[in-house]
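In what follows, a single structure is set out as structure tokens and then discussed.
The values are calculated or read from the model by the stated rules, or taken from the named source; none is laboratory data. Since we're looking at a predicted model, the values are computed, not measured. Here Cβ is always computed from backbone atoms with ideal geometry, including for glycine, and neighbour counts include all displayed protein chains.
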Amino acid sequence: MAILRRNSDSNPASATPPDPVFHAHGIAKIYRMGEVEVPALSGVDLDLFPGEFVVMLGPSGSGKSTLLNILGGLDVPTRGEVFYRDHNLTSADAEELTRYRREHAGFVFQFYNLIPSLTALENTALVAEIAENPMDPEECLRMVGLGERLHHFPAQLSGGEQQRVAIARAVVKRPEVLLCDEPTGALDYGTGKLVLEVLERVNRELRTITVVITHNAAIAAMADRVIRLSSGKIAEIYRNEKKAAPAEISW
């Protein structure tokens, strides 16, 4: 059973949270390899609320990436239901999931997956072209600190710069949720902190729900809520009384 720690609050209004944007109930995921069943998630209940920054912690194999993929419509659970507002993602067909990913979810992965033959601006504009209400791609790249790198190709950019292009590409379509799978995992300490600063700015200025999964416990200090997974279950959820700025985090 998950342990939910709630901090006391003198403001009674804050005791009533807003309606969740995401509601997951009883999520289980079992992968089958021949006759062998491998459970990845078991009985996960989770709500995500407007504008919050969430860090999911857990070792490899704890179910973090599986849960992220289910929230993003990249995978479906074996059992349970996931709702995005009033849309049931678990009963959606392939076309509906594609539309959900295109219009409402942004993804940032450990590896940047940029198109090598396109510049930073072109990589970002490619997503803007298929979005309903995109940001200006150049403005988006300036937001992540790459105003002087608009016309550089991925091979001309550092790892941290490429990851910031990947973030710009993810947020240019104005997603309601930004799902980040180990976004600093391939980066050195200093560059990783720069990327965290960009994610914090996106969350703060655009009010995008931001979910970061990581095995790095230090990153939890910058979250509104921290969710710790263990063996496919939520072991603990707690809220930080005071969020740390990325510059204050060390590991």
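What the table shows:
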item	result
Only one of Arg79, Arg102 that is modelled with pLDDT of 95 or more, on the phi < 0 side of the Ramachandran plot and not aliphatic (A, V, I, L, M)	Arg79
Count of residues meeting criterion [over 14 Å from the mean Cα position of the chain (by Cα) and among the hydroxyl-bearing types (Ser, Thr, Tyr)] in region 183-230	3
Residue check for Lys173: touching a Gly at 6+ places or on another chain (Cβ under 9 Å) and either of a type in the set (Gly, Ala, Ser) or not in a strand (DSSP E or B) (or both)	yes
First in region 80-99 and within 22 Å of Gly232 (Cβ to Cβ), second anywhere and among the polar types (S, T, N, Q), Cβ under 9 Å, 6 or more apart	Gly80/Thr90; Glu81/Asn88; Glu81/Thr90; Glu81/Ser91; Val82/Asn88; Val82/Thr90; Phe83/Thr90
Some residue of region 50-61 being assigned to a strand (DSSP E or B), surrounded by fewer than 15 Cβ atoms within 10 Å (Cβ to Cβ) and at pLDDT 95 or above	no
Helices (runs of 4 or more DSSP H) within region 83-150 that include 2 or more residues closer than 27 Å to Leu46 by Cβ	94-104
Hits in region 210-251 - residues which are in contact with a Leu (Cβ under 9 Å, 6 or more places away or on another chain) and of a type in the set (Asp, Glu)	Glu236
Candidates Leu121, Leu68 - the one that is closer than 30 Å to Asp188 by Cβ, in contact (Cβ under 8 Å) with a residue 24 or more places away in the chain and out of contact with any helix residue (DSSP H, G or I) (no Cβ under 8 Å at 6 or more places or on another chain)	Leu68
Residue list for region 62-79, restricted to those being surrounded by fewer than 19 Cβ atoms within 10 Å (Cβ to Cβ) and either more than 25 Å from Val172 (Cβ to Cβ) or of a type outside the set (D, E, K, R) (or both)	Asn69, Leu74, Val76, Thr78, Arg79
Residue in region 129-170 that is nearest to Gly106 (Cα to Cα), counting only those that are β-branched (Val, Ile, Thr) and modelled with pLDDT of 95 or more	Ile167
